[in-house]
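The values are calculated or read from the model by the stated rules, or taken from the named source; none is laboratory data. Nothing here was measured: the structure is a model prediction, and the numbers come from that model. Cβ: placed from backbone, ideal geometry, glycine included. Neighbour counts: every protein chain shown.
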Amino acid sequence: MSALTSESTATPGHHEPSAPSGGRPPVAPRDEDPPDTGERHRLTALTGLAALSLDAMASVAYGPEAIVLVLAAAGGHGLGFTLPVALAIAALLAVLVASYRQVIAAFPDGGGSYAVAKTHLGRRASLVAAASLVLDYVLNVAVAVTAGVAALTSAFPALYGDRLWICLAVLALLTAVNLRGIADSAKIFLAPTAVFVLAILTLIAVGLFRSAPVSTEAAQGHASVVADNATTVGALLLLKAFASGCSALTGVEAIANAVPSFRTPRAKRAQHAEIALGAVLGVMLIGLAVLISRFHLQPVAGVTVLAQLADASLGHNAAFYVVQFATMTLLALSANTSFGGLPVLLKLLARDNFLPHVFALKADRQVHRHGVLTLAGVSAALLVLSGGDTNALVPLFAIGVFVGFTLAQTGMVVHWRRERGPGWRGKAVLNGMGALLTGVCAVVVTATKFHDGAWLIVVALPLLVAAFEKIHRAYADIGESLGLGRVPECPHRARSLVVVPVSSLSRLTSEALTAAVSLGDEVRAVTVCHADPEDRAQAEALERDWALWDPGVDLIRLPSGRRTLGRPIAAYVRAIEAAEPHTRVTVLIPEAEPARAWQRVLRNQRGAVVAHAVRKDTGAAICRLPFRIA
């Protein structure tokens, strides 16, 4: 029966190909390639780790050092608390990773702290979270680039005077790579990330088998920064050390912010990347802290703690320089975390009408180009203002991320209370402890760094929130004017008048009038005449030629006392709108389009001038008619 049906429905004259001898049916030819869904331009768990965790990975270069520098105020006894403080930070890291893993599952559209706060804490809290993340991402780019270049100029002092230009060159390179797509940038950064992680893990593994430093050459000739008049180790000192060391946690939220950048299933891949980041970062933090205590390391001026650890564990040899070079490279490239996370956050803000909608647009390679370029521009301005000096930017760093952490953790507590799923109380307690700890960190870091420049963040945060609110109100007013959400009146035909600016007789003029009479009920050609005798003579000659040509369209001379082109035409259109309020006016502007791209610079830009004036001062429609020159 099926065979009869198949034969009866076959197209007359069309013969199906016979099956090959193997008995398999023939493969139907593909009419077209499968559509490009953009998945190949998205991240896997591994490439997501490379693209979005460089900031967190690189933070082990300055996180343990920040702890040691604070504890050095209590002398050698204070340095003995390095490992306990690092363990406390690692515990907080575990809380944050567990929390953001839940955030990824609950908010697969990305946004991290912003999305959590928006759902559970209200609009104002969500805007504070968004503003804090925006500031942190921008500062991360500037700090990362300057820190990487500082490592370079430390190795090559002759480059110190050119550090600003080197910073801008590195920023330009990062921007160019990210404009190719986040997946491409992840592939490029995968190798340096792997080299850095392997170098640090090797340093730790070798150091654990040494009972004493194999070399102290890196610190020789450098003064110790351990205080002679040591203070006592009190709760405030430990809290300050904890807050300073928490700079190693910056970037933990980036994966949760950029979930849409991952391949399907997006949430699972992002969760795997988040767990891998927490595991690797935790091992490195604890391992380095153990070695600091094991070698009784003391911070010295001019040499990083990580450099001393590499010297003590691996010796002052090629391995030492591999660690330094890998650290320098990753510090410079860690700005890529912001390029991966901030454009997605800006897209969500634009979708919710808190930023211009242009930030929600994507290029062919799944790139939020406007977000990438805006981040690059603001970061370049910061680099120029700071002169490429890391110390000028560090006091502003990491405050925003603690605010975002606190709001995200608080929002997740509300989330668990509303959901009340299995084990919700334990999860809520975990997130509540995280919110308390990160909130304390935010207060301590702001207070201790306030006079060093942190006051700028305190001022910038509410200003940015106010800007979001103002943009939202503007979109609301526009929506009200457009009647969005309401059924509009039915369209009706109105009388149409087309105005065509001309300056001479040519094929361009003929094409413009042909298009105009096809569009409108009435067509009027206008030409602007200035008071200059030469211009008057040209206008009179044009009127004579027009009368001889007789195209069936009137030519109207618009006198102008000033040498302007757009204003007289706009004034004429306004007069028509006032006299004929029910007439739809269209200004058709003919423009020559050269065949070669370089010839476009030869155009006089009259069309752009007229279009700008008409758009600014009238309600007329503007039609720019290109005439392509072969």
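Which of the following residues is in the same structural domain as Ala131 (by TED's automatic domain parsing), modelled with pLDDT of 80 or more and under 22 Å from Ala88 (Cα atoms): Val429, Val414, Val384?
Val429
Out of region 289-308, which residues are within 36 Å of the chain's Cα centre (by Cα) and more than 19 Å from Ala150 (Cα to Cα)?
Across region 289-308, the qualifying residue is only Ala289.
Which ones in region 503-538 are farther than 17 Å from Gly566 by Cα, aliphatic (A, V, I, L, M), more than 47 Å from the chain's Cα centre (by Cα) and modelled with pLDDT of 90 or more?
Val517, Val523
Is it the case that region 264-281 has a residue that's closer than 14 Å to Tyr62 by Cβ, of a type in the set (A, V, I, L, M, F, W, C) and in the same structural domain as Val443 (by TED's automatic domain parsing)?
Checked against the condition, which is being closer than 14 Å to Tyr62 by Cβ, of a type in the set (A, V, I, L, M, F, W, C) and in the same structural domain as Val443 (by TED's automatic domain parsing), region 264-281 yields at least one hit.
Specify which of the listed residues (Val141, Val95) is modelled with pLDDT of 80 or more, under 30 Å from Thr327 (Cβ atoms) and within 16 Å of the chain's Cα centre (by Cα).
Testing whether each residue is modelled with pLDDT of 80 or more, under 30 Å from Thr327 (Cβ atoms) and within 16 Å of the chain's Cα centre (by Cα) leaves just Val141.
Give just the number: which of (1) part of a loop (DSSP other than H, G, I, E, B); (2) at pLDDT below 65; (3) not acidic (Asp, Glu) does Lys362 not satisfy?
(2)
Quick one: would you say Leu285 is buried (at least 21 other Cβ atoms within 10 Å of the Cβ), under 22 Å from Ser338 (Cβ atoms) and either under 28 Å from the mean Cα position of the chain (by Cα) or in the same structural domain as Val372 (by TED's automatic domain parsing) (or both)?
In short, yes.
Can you give me the ranges of the helices (runs of 4 or more DSSP H) entirely in region 36-154 with at least 1 residues that are touching a helix residue (DSSP H, G or I) at 6+ places or on another chain (Cβ under 7 Å), hydroxyl-bearing (Ser, Thr, Tyr) and in the same structural domain as Lys240 (by TED's automatic domain parsing)?
Helices (runs of 4 or more DSSP H) meeting the threshold: 45-52, 82-106, 113-120.
For (1) surrounded by fewer than 24 Cβ atoms within 10 Å (Cβ to Cβ); (2) charged (D, E, K, R); (3) farther than 26 Å from Trp424 by Cβ; (4) without any contact (Cβ under 8 Å) to a residue 12 or more places away in the chain, each residue gets a yes or a no:
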site: Gly80; (1), (2), (3), (4): yes, no, yes, no
site: Leu83; (1), (2), (3), (4): yes, no, yes, no
site: Thr119; (1), (2), (3), (4): yes, no, no, no
site: Ala125; (1), (2), (3), (4): yes, no, no, no
site: Ser132; (1), (2), (3), (4): no, no, yes, no
site: Tyr137; (1), (2), (3), (4): no, no, yes, no
site: Ala169; (1), (2), (3), (4): yes, no, yes, yes
site: Leu173; (1), (2), (3), (4): yes, no, yes, yes
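Search region 191-203 for residues that are in the same structural domain as Ile292 (by TED's automatic domain parsing) and pair each with any residue that is of a type in the set (D, E, K, R) and modelled with pLDDT of 90 or more when their beta-carbon atoms are under 6 Å apart and the residues are at least 6 apart or on different chains.
none
Can you tell me which of (1) surrounded by fewer than 22 Cβ atoms within 10 Å (Cβ to Cβ); (2) among the polar types (S, T, N, Q); (3) in contact with a strand residue (DSSP E or B) (Cβ under 6 Å, 6 or more places away or on another chain) is the one Thr304 doesn't meet?
Looking at each condition in turn, Thr304 falls short on (3).
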